[in-house]
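Novice: My questions will all concern the structure given below.
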Amino acid sequence: MRIKLICVAGARPNFMKLAPLVRAARQDPAFLPVIVHTGQHYDDKMSGQFFRDLGLPAPDHNLEVGSASHAQQTAEIMKRFEPVVLAEKPHAVIVVGDVNSTMACALVAAKLLIPVVHVEAGLRSFDRSMPEEINRLVTDAVADLLLVSEESGRRNLLAEGIPEHRIHFVGNLMIDSLQINLDRARESDIGARLGINASFGLVTLHRPSNVDEPEQLAQVLGALSTIAEILPLYFPVHPRTRARLEAESVLLSPRIHLIDPLGYLDFLSLMSQSCLVLTDSGGIQEETTVLGVPCLTLRENTERPVTIEEGTNILAGTTKTSILAAWEQAQRMPKTGRIPKYWDGQAAGRCLAVLKDHYSGVLIPNN
Ligand code: UD1
């Protein structure tokens, strides 16, 4: 019997984590992966382009939930995911990261008594105003196997009373994707298409706490305008942020180049060539650490402390003053770092080894 795994993807940052796992599972006769896309992200630039760039097979099920309030979106994912789980009867449901799809599908599986495997478990910002923190807490509370990407994940889970035997340090699947795709990304001509011929910084911004309040958005954009006087900035704009910029009719320095969201390879290419990244994303803090590119995180906290302790990440805060202070510090003394343990491109293999061990009773030869 093969171990049937429902692998859930919902939003952009999930796809890079799922792709290496699905790829490794498809190559191993012990596993039968079934891909479910919830449709939380649905624009081609937020979803389809990533499936193509990452070589992810088309989903076996697409729930097509689309955007809505948190409660509506979560509820709709749960309603549409339950019949899929009942029909597929998997041995486990694998959820990755911390988006609404992660939590919704974990809850459905747990209530159907299907084991939940959470990849990237245990990360904590200790900031419950972040929707992702709620998703992380709930998902970890119902997960049976908790696969962590950095040592802080294990510490946090143990402190919350999760038994040690359910926690496994497997490393970082997002870095598997980075290593698999970096050479291809370097072949991208995105720099030429954008007319980049000098040093530049790369910006991403999409957290509700940064973009939904006009005053807060003005703080961040004020800092970016000052930095852009010295370093031209390229800014692929998330749909949420695009809507806020248009609603506020914000006028930006011409040295801040607003562009459409980029696919995985184009973004990785720009990130690897940039001399500074400014972001409020989670995964980009990790990718810049591995690429050795200095990163200013435009947040008050991070659930990925290893990127600060060992990597190139600096927590810059969210006010114009704090961001500019971090930028000056980064200019005076660019941060170097080392690559954290198990961010080595082998995380998918470690995930599957944990699963094989867990399901060793299920694996009956030639059945
Ligand atoms: C979600 C995740 C966040 C992750 C981010 C990456 C949650 C709670 N948040 O935030 O953790 O960092 O994805 O992008 O799960 N939209 C489109 N096209 C799309 C998808 C969204 O136009 O394909 C627009 C819609 O107006 C939508 C808004 O973006 O209302 C926000 O999308 P949503 O998935 O709710 O949250 P994100 O901000 O993308």
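Novice: Inspect all residues belonging to region 32-50 and state whether any of them is away from the ligand (no atom under 11 Å from the Cβ), small (Gly, Ala, Ser) and either assigned to a helix (DSSP H, G or I) or more than 19 Å from ASN172 (Cβ to Cβ) (or both).
Specialist: There is no residue in region 32-50 that is away from the ligand (no atom under 11 Å from the Cβ), small (Gly, Ala, Ser) and either assigned to a helix (DSSP H, G or I) or more than 19 Å from ASN172 (Cβ to Cβ) (or both).
Novice: Does any residue in region 30-42 that is touching a residue at least 40 places away in the same chain (Cβ under 8 Å) come within less than 6 Å, Cβ to Cβ, of a residue that is of a type in the set (Gly, Ala, Ser) and within 16 Å of the ligand (Cβ to nearest atom) six or more places away or on a different chain, and which pairs are these?
Specialist: Matching pairs, first to second residue: THR38/GLY10; THR38/SER101; GLN40/GLY10; GLN40/ALA11; GLN40/SER101.
Novice: Name the residue that is most open to solvent (accessible area, probe 1.4 Å), counting only residues in region 66-82 that are closer than 19 Å to VAL117 by Cα and away from the ligand (no atom under 13 Å from the Cβ).
Specialist: Across region 66-82, the extreme among qualifying residues is GLU82.
Novice: Under the condition of being more than 16 Å from the ligand (Cβ to nearest atom) and farther than 21 Å from LEU276 by Cβ, which residue from region 194-223 is most open to solvent (accessible area, probe 1.4 Å)? Outline the logic, then answer.
Specialist: First, pick out the residues of region 194-223 that are more than 16 Å from the ligand (Cβ to nearest atom): 194-201, 214-215, 218-219, 221-223.
Narrowing the set further to residues that are farther than 21 Å from LEU276 by Cβ leaves 214-215, 218.
Details: PRO214: 60, GLU215: 155, ALA218: 61 Å².
Taking the candidates together, the pick is GLU215.
Novice: Please work out which one of (1) in contact (Cβ under 8 Å) with a residue 24 or more places away in the chain; (2) within 26 Å of THR289 (Cβ to Cβ) is the condition LEU137 fails and give its number.
Specialist: That leaves (1) as the condition not met.
Novice: Still on this structure: Residues in region 201-218: is at least one in contact (Cβ under 8 Å) with a residue 24 or more places away in the chain, out of contact with any helix residue (DSSP H, G or I) (no Cβ under 7 Å at 6 or more places or on another chain), farther than 21 Å from GLU328 by Cβ and among the charged types (D, E, K, R)?
Specialist: Yes: one or more hits.
Novice: Where in region 243-362 are there strands (runs of 3 or more DSSP E), lying wholly inside it, with at least 3 residues that are outside the structural domain of LYS45 (by TED's automatic domain parsing) and under 15 Å from LEU202 (Cα atoms)?
Specialist: Qualifying strands (runs of 3 or more DSSP E): 256-259, 276-279, 295-297.
Novice: Out of ALA109, ALA87, I need the residue that is away from the ligand (no atom under 16 Å from the Cβ) and open to solvent by 10 Å² or more (accessible area, probe 1.4 Å). Which one?
Specialist: ALA87
Novice: Of all residues in region 151-189, how many are in contact (Cβ under 8 Å) with a residue 12 or more places away in the chain, of a type outside the set (Asp, Glu) and surrounded by fewer than 20 Cβ atoms within 10 Å (Cβ to Cβ)?
Specialist: Count: 11.
Novice: Kindly provide the set of residues from region 112-137 that are of a type in the set (Lys, Arg) and in a loop (DSSP other than H, G, I, E, B), ordered by number.
Specialist: ARG124, ARG128, listed by residue number.
Novice: A further question follows. From (1) over 23 Å from LEU32 (Cα atoms); (2) assigned to a helix (DSSP H, G or I), pick out the condition that doesn't hold for SER101.
Specialist: Evaluating SER101 over (1) over 23 Å from LEU32 (Cα atoms); (2) assigned to a helix (DSSP H, G or I) leaves (1) as the failure.
Novice: Something else about it: Would you point out which residue out of LEU63, LEU21 is surrounded by 16 or more Cβ atoms within 10 Å (Cβ to Cβ) and more than 16 Å from the ligand (Cβ to nearest atom)? Steps first, answer last, please.
Specialist: Values: LEU63 fails: more than 16 Å from the ligand (Cβ to nearest atom).
Result of the check over LEU63, LEU21: LEU21.
Novice: Only one of (1) modelled with pLDDT of 95 or more; (2) over 17 Å from VAL170 (Cα atoms); (3) in contact with a His (Cβ under 7 Å, 6 or more places away or on another chain) fails for VAL362. Which number is that?
Specialist: With (1) modelled with pLDDT of 95 or more; (2) over 17 Å from VAL170 (Cα atoms); (3) in contact with a His (Cβ under 7 Å, 6 or more places away or on another chain) applied to VAL362, the lone miss is (1).
The values are calculated or read from the model by the stated rules, or taken from the named source; none is laboratory data. None of these values were measured; they are calculated from a predicted model. Please note: Cβ atoms are built from the backbone with ideal geometry, for glycine as well, and neighbour counts cover all protein chains shown. The protein model used for the area step is the full one, side chains on, heavy atoms only, and it has no ligands, DNA or RNA in it. Shrake-Rupley method; radii C 1.70, N 1.55, O 1.52, S 1.80 Å.
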